[in-house]
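Taking it in order: structure first as structure tokens, then the write-up.
The values are calculated or read from the model by the stated rules, or taken from the named source; none is laboratory data. Predicted model, so just to flag it, every value in this text is computed and none were measured. Cβ placement follows ideal geometry from the backbone for every residue including glycine, while neighbour counts extend to all protein chains displayed.
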Amino acid sequence: MTPTTLAFEQFPTDALMHVTQRPPAVFVRGLGSWLWDSTGHRYLDFVQGWAVNALGHAPAVITDALVQQSGRLLHTGPGFHNDQAIGLAAELTRLASLDRVFFTNSGAEANEGAIKLARKWGQLHRRGASTILSFGNSFHGRTLATMAASGKPGFDRLFPPVLPGFVKLPYNDLDAVEAAIDGHTVAVMLELVQGEAGVIEADAGFVAGLRRLCDRHGLLLIVDEVQTGVGRCGPLFLHQGLGLRPDIVTLGKGLGGGVPIGALLASEAVCCFAPGDQGGTYNGNSLVCAVARAVLQQVARPSFLAAVCARGEQLAQGLAELSKRHGLGAVRGQGLLRALDVPDDGAATIVDALRRRADDKRPGLLVNAARPGTLRFMPALNVGSGEVELALAMLDEVLAELTLSVG
């Protein structure tokens, strides 16, 4: 019996900690925009590991990088240089127009590092200031510090006591930011698109105003591009598309195309870590840095980014047509990070129906319920126009079926 014909129940999950509700499907194979489960059913994947698989499932460029690098050098540890980390650092700083980089294993670690760097800078340059202004409904990770920085509802009740030093403010409210700045403030930290909140975009005027406020008060501006960076929203980095000059930028998710890596980038004036202040056993791992270089070589090409924008517009226009046809809500987002509001907190019902659509004759569709009333779409950045068209057709069909069942 091959793995693709095993039933779900033949994969007992009791040994896994129960930290989230997962559907019963057990995925065993992926290629491009497609996943296959253990029963052989296939799914068009518009989640892609939560915007991680920039080049889709099992792309040849990542396979080649893994094979080649694993035969050369896996890991030296953080106390030694390796050529892949040096090369990736040079490419990232050049592309992002920043000066130095510290590699991590995840976006959460990158954000944790940004918080540490800002506070160290505050010790040296702002008489010990350590408070960071962040925003309601934001999401910066699941370490204790990044949860404290996040404005995700309920995070402050999970693991008390909450790490102090963060003030949550209304998103897109520049007056609230200005009113909150005092002698204890060291930085402002934001996502340019709040993905977990339902793909809520920062206003261009708000972003520009934050830069002016930070300059006026001598504060750092930290931009979390863990989800929006590496081509997800059209530009290689969204802060560049907005004409913004941050002091610190964090990356993760799509940077590794499926292997775990994050990055903390900063301008030279902010890089004040002393030896021993920051580190990590696997940071700058040769294997993952080689993969990230292969991903960047693909994604940074102007023709690739143009295709992301084209497919993003195709998806957005299709979602707008479906919204009008079925009486749904707003369509938001940029590039291939898109959201569609649905009534009656029905997102989970739609997600379930799209997945359950998979059988021996037809595929299912994987999308994410970012909020009870919001669907989120995060396909591979090289998704085809025909695959976008098919996803829209499947969504149209399920929406019609759900309307009929309610009626």
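Among the residues of segment 43-58 satisfying the criterion of being of a type outside the set (A, V, I, L, M) and buried (at least 20 other Cβ atoms within 10 Å of the Cβ), which is farthest from GLY257 (Cα to Cα)?
Only one residue tops the list, namely TYR43.
Residues that are more than 30 Å from GLY198 (Cα to Cα), out of contact with any Lys or Arg (no Cβ under 7 Å at 6 or more places or on another chain) and either part of a helix (DSSP H, G or I) or at pLDDT below 95 (or both) do occur in segment 49-60, at least one of them. Per the listing GLY231, GLY254, the residue uniquely at pLDDT 95 or above, within 13 Å of the chain's Cα centre (by Cα) and assigned to a helix (DSSP H, G or I) is GLY254. Restricting to segment 317-345, name every residue that is in contact with a helix residue (DSSP H, G or I) (Cβ under 8 Å, 6 or more places away or on another chain) and of a type in the set (A, V, I, L, M, F, W, C). Within segment 317-345, LEU319, LEU322, LEU328, ALA330, VAL331, LEU336, LEU337, LEU340, VAL342 qualify.
Which of the residues spanning segment 97-131 are of a type in the set (Val, Ile, Thr), in a strand (DSSP E or B) and within 30 Å of ASN285 (Cα to Cα)?
Of everything in segment 97-131, those that are of a type in the set (Val, Ile, Thr), in a strand (DSSP E or B) and within 30 Å of ASN285 (Cα to Cα) turn out to be VAL101, THR104.
Would it be correct to say that GLY128 is among the small types (Gly, Ala, Ser) and surrounded by fewer than 15 Cβ atoms within 10 Å (Cβ to Cβ)? Yes, satisfied. Among the residues of segment 59-93, those identified as without any contact (Cβ under 8 Å) to a residue 24 or more places away in the chain and either within 29 Å of GLY32 (Cβ to Cβ) or in contact with a Leu (Cβ under 7 Å, 6 or more places away or on another chain) (or both) are ALA60, THR63, VAL67, GLY71.
What pairs come up if the first residue lies in segment 238-258 and is under 19 Å from ARG212 (Cβ atoms), the second is surrounded by fewer than 24 Cβ atoms within 10 Å (Cβ to Cβ) and among the hydroxyl-bearing types (Ser, Thr, Tyr), and their beta carbons are under 6 Å apart, counting only those six or more places apart or on different chains? Pairs that qualify, where the first residue is under 19 Å from ARG212 (Cβ atoms) and the partner is surrounded by fewer than 24 Cβ atoms within 10 Å (Cβ to Cβ) and among the hydroxyl-bearing types (Ser, Thr, Tyr), are ASP247/SER267.
Listed residues LEU221, LEU213; which is farther than 26 Å from GLY77 by Cβ and surrounded by fewer than 21 Cβ atoms within 10 Å (Cβ to Cβ)?
LEU213
The single condition among (1) in contact with a Ser or Thr (Cβ under 9 Å, 6 or more places away or on another chain); (2) surrounded by fewer than 14 Cβ atoms within 10 Å (Cβ to Cβ) that ALA85 does not meet is (2). MET189 satisfies every condition listed in (1) over 24 Å from the mean Cα position of the chain (by Cα); (2) crowded, with 21+ Cβ neighbours inside 10 Å; (3) in contact (Cβ under 8 Å) with a residue 60 or more places away in the chain except (1).
Determine, yes or no, whether ALA148 is part of a helix (DSSP H, G or I), buried (at least 18 other Cβ atoms within 10 Å of the Cβ) and free of Cβ contacts under 8 Å to residues at least 40 places away in the same chain. Even if it seems obvious, please write down each step before you answer.
Values: part of a helix (DSSP H, G or I): yes; buried (at least 18 other Cβ atoms within 10 Å of the Cβ): yes; free of Cβ contacts under 8 Å to residues at least 40 places away in the same chain: yes.
In short, yes.
I want to confirm something. Restricting to segment 379-407 and keeping residues that are of a type in the set (Val, Ile, Thr) and part of a helix (DSSP H, G or I), which single residue is modelled with the lowest pLDDT? Looking at the filtered set, the residue picked out is VAL406.
To keep it simple, each residue is scored yes or no on (1) modelled with pLDDT of 95 or more; (2) on the phi < 0 side of the Ramachandran plot; (3) assigned by TED's automatic domain parsing to the domain that holds GLY229.
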{"site": "GLU9", "(1), (2), (3)": "no, yes, no"}
{"site": "ALA15", "(1), (2), (3)": "no, yes, no"}
{"site": "TRP34", "(1), (2), (3)": "yes, yes, no"}
{"site": "GLY87", "(1), (2), (3)": "yes, yes, yes"}
{"site": "VAL101", "(1), (2), (3)": "yes, yes, yes"}
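Being loosely packed, with under 15 Cβ neighbours inside 10 Å, over 30 Å from ARG311 (Cβ atoms), in the same structural domain as PRO260 (by TED's automatic domain parsing) and acidic (Asp, Glu) is the requirement here; does ASP156 meet it? Here the answer is no, as ASP156 does not meet what is asked.
So which residues in segment 269-285 are crowded, with 19+ Cβ neighbours inside 10 Å and not in a loop (DSSP other than H, G, I, E, B), if there are any at all?
Of everything in segment 269-285, just one residue is crowded, with 19+ Cβ neighbours inside 10 Å and not in a loop (DSSP other than H, G, I, E, B), namely VAL270.
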